[in-house]
Amino acid sequence: MALDTETFSILLDTVERFVAERLVPLEAQVAEEDQVPADVITEMKELGLFGLTIPEEYGGLGLTMTEEIEVAIKLGGTTPAFRSVFGTNIGIGSQGIVMDGTTEQKAHYLPKLATGEMISSFALTEPEAGSDAGSLKTCARLEGDHYVLNGTKRFITNSPSADIFTLMARTDPDTPGAKGISAFIVERNSPGLSVGPPDKKMGQQGAKTADVILEDCRVPAANIIGGIAGVGFKTAMKVLDRGRLHISAVSVGIAERLIKECIAYASERKQFGKAIAEFQLIQAMLADSKAESYAARTMVFDAAKKKEAGENITLEAACCKMFATEMVGKVADRAVQIFGGAGYISEYPIERLYRDVRLFRIYEGTTQIQQLVIARELLKDAE
Ligand code: CAA
């Protein structure tokens, strides 16, 4: 346990209150304006949310995986756009440095990421390399003590506000696939780097994604994560193992929020002379949603414990990501059904959350990629 029990319990209560009292009332505004207000971001920094998972020696809270899961479930109590503000700093943007960075890289970047002074982003996906991440084309050519990067990264979360990118590029053009890839820390102000206009998305307004374009972008050779070329794909996969567990926990949190909304609405809404909650067909939908979200909750804590025990959780993280994100999709769909016409109208939060959660089945590896990972791990065991 990184924090003592009492301190962690205070943190959890604080996050729960921040979500309920500060963030939930702002959900509609954020969706409308496609922007999280600056004062909310300042409060997130003051609460230490940007440094939840960064080791204490670098100024973060150093939460364990289980603690991170607990906080992520609480954060799921509101629109995922809020979590996204600091989600890359505590996850895919920083974890490459935390896991594989040199002492110098950690000392230079992590303290600034922990306070939110710097925003990080994870740049793996490309126009022609999505699920097949190992086929990425962005190239990095060594010239003296710099690499020169060329290529385009696509759908990069938080790139419009990012100060640094954990960016995967091919340092060995003669080695196809995963082995020729290296992970770099690329600073936003590197010459030759530009960020495209924010993408127009189906949901999660307030969370920004955009292209990152590299045109003869010069990056110091010292910025290869860990100082070793050719192992960047593994760094990316390890980061994603952890990220997938985090997204699973957020999915559980949102499912629990949706169930709460459904219970309140079904208890209030009257048809045929009584509250619709009294009808067994409504009860069946509530029951299915609860059982499935409970199963996902149990899975993520089990996987987190295994990770803390030092086990490889590639298979478990993929199971959690597949099950929890599909689960929240079904829970959101039932919520629309329980709300009926009101579930289709944007005045209620259900319509928005329904669109927001759709992304979870796609990013950080689609459901189909999770199936593939699970099957590969199973078959590996049989070898
Ligand atoms: N941990 C450590 N190493 C791993 C690993 C893991 N989880 N998974 C694979 N590796 C290693 C392998 O052991 C292998 O190393 P060796 O050759 O030394 O044995 C190497 O990496 C290559 O592995 P594979 O042969 O399995 O690679 P592959 O090309 O077949 O691809 C894949 C595997 C699972 C399909 C992978 O490409 C993948 O996960 N694709 C999905 C990509 C993805 O999740 N993208 C999301 C983008 S990020 C995002 O969405 C964030 C955002 O902005 C919000």
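If you take the residues of segment 169-225 that are on the phi > 0 side of the Ramachandran plot and either at pLDDT below 95 or in a loop (DSSP other than H, G, I, E, B) (or both), which of them is farthest from the chain's Cα centre (by Cα)?
By that ranking, first place goes to G192.
Find the residue count for segment 229-242, including only residues that are within 7 Å of the ligand (Cβ to nearest atom) and either buried (at least 23 other Cβ atoms within 10 Å of the Cβ) or acidic (D, E) (or both).
2
Does at least one position in segment 334-357 carry a residue that is in contact with a Cys (Cβ under 6 Å, 6 or more places away or on another chain) and in the same structural domain as A266 (by TED's automatic domain parsing)?
Yes, segment 334-357 has at least one match.
Return the total of residues in segment 337-372 being of a type in the set (A, V, I, L, M, F, W, C), surrounded by fewer than 22 Cβ atoms within 10 Å (Cβ to Cβ) and farther than 24 Å from S84 by Cα.
So the answer is 3.
Which members of segment 2-27 meet the condition of being among the aliphatic types (A, V, I, L, M) and either in contact with a Leu (Cβ under 9 Å, 6 or more places away or on another chain) or without any contact (Cβ under 8 Å) to a residue 60 or more places away in the chain (or both)?
Within segment 2-27, A2, L3, I10, L11, V15, V19, A20, L23, V24, L26 qualify.
Kindly list, by first and then second residue, each pair from a residue in segment 212-224 that is under 13 Å from C139 (Cβ atoms) and touching a residue at least 24 places away in the same chain (Cβ under 8 Å) to a residue that is β-branched (V, I, T) and surrounded by fewer than 22 Cβ atoms within 10 Å (Cβ to Cβ), limited to pairs with Cβ atoms under 6 Å and residues at least 6 apart or on different chains.
So the pair list comes out as D216/V148.
Listed residues R334, R297, R352; which is charged (D, E, K, R), assigned to a helix (DSSP H, G or I) and closer than 26 Å to R154 by Cβ?
Of R334, R297, R352, the one residue that is charged (D, E, K, R), assigned to a helix (DSSP H, G or I) and closer than 26 Å to R154 by Cβ is R352.
Find the residue count for segment 200-227, including only residues that are more than 22 Å from T79 (Cβ to Cβ), among the aliphatic types (A, V, I, L, M) and within 13 Å of the ligand (Cβ to nearest atom).
Number satisfying all stated conditions: 1.
Considering only segment 50-76, how many residues are within 25 Å of P160 (Cα to Cα) and touching a residue at least 60 places away in the same chain (Cβ under 8 Å)?
Number satisfying all stated conditions: 6.
Filter segment 59-76 down to residues that are within 18 Å of S120 (Cβ to Cβ) and surrounded by fewer than 21 Cβ atoms within 10 Å (Cβ to Cβ) and give me whichever is nearest to the chain's Cα centre (by Cα).
Out of the qualifying residues, it is G62.
Filter segment 166-199 down to the residues that are closer than 30 Å to R355 by Cα and more than 16 Å from the ligand (Cβ to nearest atom) and list them by number.
S194, P197, listed by residue number.
Name every residue in segment 123-151 that is in contact (Cβ under 8 Å) with a residue 40 or more places away in the chain, in a strand (DSSP E or B) and within 14 Å of the ligand (Cβ to nearest atom), in order of residue number.
The answer is A123, and nothing else.
When segment 15-39 is examined, which residues are found to be β-branched (V, I, T) and either surrounded by fewer than 12 Cβ atoms within 10 Å (Cβ to Cβ) or within 26 Å of K307 (Cα to Cα) (or both)?
Within segment 15-39, just V15 meets the criteria.
Could you list, in sequence order, the residues of segment 118-133 that are surrounded by fewer than 17 Cβ atoms within 10 Å (Cβ to Cβ) and either in contact with a helix residue (DSSP H, G or I) (Cβ under 8 Å, 6 or more places away or on another chain) or closer than 18 Å to T171 by Cα (or both)?
Scanning segment 118-133 gives E128, S131, D132.
Kindly check whether there is at least one residue in segment 292-303 that is under 22 Å from M99 (Cα atoms) and within 16 Å of the ligand (Cβ to nearest atom).
Taking every residue of segment 292-303 in turn, at least one turns out to be under 22 Å from M99 (Cα atoms) and within 16 Å of the ligand (Cβ to nearest atom).
Keeping to segment 33-83, report how many residues are among the charged types (D, E, K, R) and assigned to a loop (DSSP other than H, G, I, E, B).
So the answer is 1.
Run down R257, R242, R269 and say which single residue is over 21 Å from P349 (Cβ atoms) and not assigned by TED's automatic domain parsing to the domain that holds T78.
Answer to the check: R242.
Cβ-Cβ distance below 7 Å, separation of 6 or more or different chains: which pairs start in segment 78-107 with a residue that is free of Cβ contacts under 8 Å to residues at least 40 places away in the same chain and end on one that is outside any helix (DSSP H, G or I) and more than 16 Å from the ligand (Cβ to nearest atom)?
Taking only residues 6 or more apart or on different chains, the pairs are N89/G116.
Return the only residue of L75, L47, L124 being on the phi < 0 side of the Ramachandran plot and touching a strand residue (DSSP E or B) at 6+ places or on another chain (Cβ under 7 Å).
Within the list L75, L47, L124, the selection yields L124.
As an exercise: evaluate I247 against (1) within 16 Å of the ligand (Cβ to nearest atom); (2) part of a helix (DSSP H, G or I); (3) under 30 Å from H146 (Cβ atoms) and give the number of the one condition it does not meet.
For I247, the exception is condition (3).
Any idea which of A162, A114, A169 is surrounded by 24 or more Cβ atoms within 10 Å (Cβ to Cβ) and more than 28 Å from I362 (Cβ to Cβ)?
Answer to the check: A114.
The values are calculated or read from the model by the stated rules, or taken from the named source; none is laboratory data. All values reported here derive from a predicted model rather than from experimental measurement. Reconstructed Cβ throughout: ideal geometry from the backbone, glycine too, with neighbour counts over all protein chains shown.
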